[in-house]
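As structure tokens, the structure follows; a few thoughts come after it.
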Amino acid sequence: EGIPQKRQELLADMERGWSALEQRLKTETYPAMVDDPYFTVNVKGLLQRYLAASKYDVREALIRLEATAKWRKEWNVLDYYRAGAAAELFSEDSNPGAEMYFADSLLMDKEGRPYAAGRLKFANPENMHPWHHLRAGVLVFELMATKVASMGKGPGSYILDIGAVGKVGNVSGTAGKERVYNENRNPYYAAGAGTKDAPSEEILGELGSLDNGFAVLKAAITILNRHYPGIVGRVFYLNSDMVFWGAFKIFSRWISDRGSIDFQFLGPASWREDPVSKLMDYYDPNQLPEEWGGTGPKLNGDEFMQRAIEHYEEEAMAMEL
């Protein structure tokens, strides 16, 4: 009886604190907040997520919310909701080096919550522009966050396939050949894009210089930790190799709510935790692509990303009406 009662009291404190903070942010720091779905869709859910991420310290949760409001203004997050934004950011022509390999699957888990799908081998480390890739990647998590909030059923999930993809990407990522890609050949890193192409001094100060793939990954995790707590509750890595598994041992230490995110490695080899069929515990067959043992729409190379882009466009058009 004690803990739920105490948490209700803390949430009430949080709501009072937020009421005052929200007024100040709207008038001083971030006037566009009135149109920001992150702060207007399912506000109670938002406050609960920040409270949980702050270990039920109301003051800390409010400090974090204010930091998120400032970051959203600085990062120009609302531009993600503009019609045409997703298509622009995924495209090599309009956002060179985007190298996107994940997007909304447009499918659900058994609880009716959304999940993102990814195929890492479409990302070409020889052509990834650190800031252009991050700009596009955050769009996927931003729109997922809005979906999670509006559904109100709890956090979404992410299935990332590390295995071979069998064909070259033609939606965003330009890799896919069965060869070794060498990040040391990346012209953007060589030219210092990790520092000079940062969107602002403030963002560079927060995320640091993105001079290699690990730095880009760390920046993405930092953004998710600080500004999207409680949006993803489960991550499945499929068909991982030892290199990725070793890398995970490093980058998983950066994930602040690691305790609240369940990571599982699935695949045929003995050192992986379970076979890919374990996904069936969490997803109905018609909500899983054929490539992952389901009966749902095929990933079909990177076509799943094209479907997501079209969906993002439809949503943006509907918002503008």
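The values are calculated or read from the model by the stated rules, or taken from the named source; none is laboratory data. On a predicted model such as this, the values are computed, not experimentally measured, just so you know. All Cβ positions, glycine included, derive from the backbone under ideal geometry; neighbour counts span all protein chains shown. Heavy atoms of the whole protein, side chains included, go into the accessibility calculation; ligands, DNA and RNA do not. Shrake-Rupley method; radii C 1.70, N 1.55, O 1.52, S 1.80 Å.
How would Thr27, Thr174 rank on accessible area, largest to smallest, probe 1.4 Å?
Highest to lowest solvent-accessible surface, that is Thr27, Thr174.
Give the residue list of GluC sites (Glu not before Pro) in the stretch 151-227 that are DSSP loop and have at most 15 other beta-carbon atoms within 10 angstrom.
The qualifying sites are Glu178.
Give Lys55/Lys298; Lys70/Lys218; Lys249/Lys278; Lys70/Lys121; Lys177/Lys249; Lys121/Lys196 a once-over and call out the pairs whose C-alpha atoms are over 29 Å from each other.
Lys55/Lys298; Lys70/Lys121
Under 5 Å between amide H atoms, partner at least 5 residues away or on a different chain: which partners does Leu238 have, H built in plane at 1.01 Å?
Hits under the 5 Å cutoff: Leu160, Asp161, Ile162, Leu266.
Quick check for you: with a 1.4 Å probe and neighbouring chains kept, what is the accessible area per residue of the stretch 227-286, in Å²?
48 Å²
Which trypsin sites (Lys or Arg not before Pro) does the stretch 245-312 hold that lie in a coil by DSSP with at most 14 other beta carbons within 10 Å?
Lys298
Between the stretch 86-101 and the stretch 190-219, what is the C-alpha centre distance in whole Å?
Between the Cα centres of the stretch 86-101 and the stretch 190-219 lies a distance of 18 Å.
Taking all pairs of different Cα atoms in the stretch 13-71, averaging 1/r and flipping that mean, what Kirkwood radius in angstroms comes out?
Here the Kirkwood hydrodynamic radius works out to 11.4 Å.
Taking the Cα centre of the chain as the origin and placing charges on Cβ (Lys, Arg +1; Asp, Glu -1), which of Ser150, Val77, Gly45 is farthest toward the positive end of the dipole?
Among Ser150, Val77, Gly45, the one farthest towards the positive end of the dipole of the chain is Gly45.
Counting only DSSP beta bridges with both residues in the chain, what percent are antiparallel, rounded to the nearest 5?
In the chain, DSSP labels about 20 percent of beta bridges as antiparallel.
Please calculate how many Å² of accessible area the stretch 95-149 carries per residue, with a 1.4 Å probe and no DNA, RNA or ligand atoms counted.
Per residue, the stretch 95-149 has 21 Å² of solvent-accessible surface.
Compute the signed sum of charges (Lys and Arg +1, Asp and Glu -1) over the other residues within less than 15 Å, Cβ to Cβ, of Glu92.
-4
If you add up the charges near Lys177, with Lys and Arg at +1 and Asp and Glu at -1, over every other residue whose beta carbon is less than 10 angstrom from its beta carbon, what do you get?
Counting the neighbours of Lys177, the net charge comes to +2.
So how tilted is helix 2-24 from the main axis of the chain? Cα-based, degrees 0 to 90, rounded to 10.
The two axes meet at around 80 degrees.
Within 10 Å of each candidate Cβ there may be at most 15 other Cβ atoms; applying that plus a DSSP loop requirement, which GluC sites (Glu not before Pro) in the stretch 232-297 survive?
For GluC sites (Glu not before Pro) across the stretch 232-297 that sit outside H, G, I, E and B with at most 15 neighbouring Cβ atoms in 10 Å, the list reads Glu273.
I'd like the distance between the alpha-carbon centres of the stretch 245-321 and the stretch 1-79, rounded to an integer number of Å.
Centre-to-centre (Cα) distance: 28 Å.
Calculate what fraction, in whole %, of the accessible area of the chain sits on carbon and sulfur atoms when a 1.4 Å probe is rolled over the protein chains.
Carbon-and-sulfur percentage of accessible area, whole number: 52.
If you take every DSSP beta bridge fully contained in the stretch 108-256, what fraction is antiparallel? Give it as a percent rounded to 5.
Counting DSSP beta bridges with both partners in the stretch 108-256, the antiparallel share is about 10 percent.
Just the number please: accessible area per residue for the stretch 14-73, 1.4 Å probe, all protein chains included, in Å².
Value for the stretch 14-73: 49 Å² per residue.
Mind putting a number on the dipole of the stretch 169-321 about its Cα centre? Charges go on the C-beta only, +1 for Lys and Arg and -1 for Asp and Glu, and I need it in Debye to the nearest 20.
The calculation lands at about 720 debye.
Could you work out how far helix 43-53 tilts from the main Cα principal axis of the chain, as a 0 to 90 degree angle to the nearest 10?
Approximately 70 degrees, to the nearest 10.
With charges only on Cβ, +1 for K and R and -1 for D and E, what is the dipole size of the chain about its Cα centre, in debye, rounded to 20?
For the chain, the charge dipole is close to 780 debye.
Take the eigenvalues of the Cα gyration tensor for the stretch 168-321, scale each by 5, and report the square roots as semi-axes in whole Å, largest first.
28, 22, 19
Can you tell me the orientation of helix 242-251 relative to the chain, as the angle in degrees between its alpha-carbon axis and the longest Cα principal axis, to the nearest 10?
Tilt of helix 242-251: around 20 degrees.
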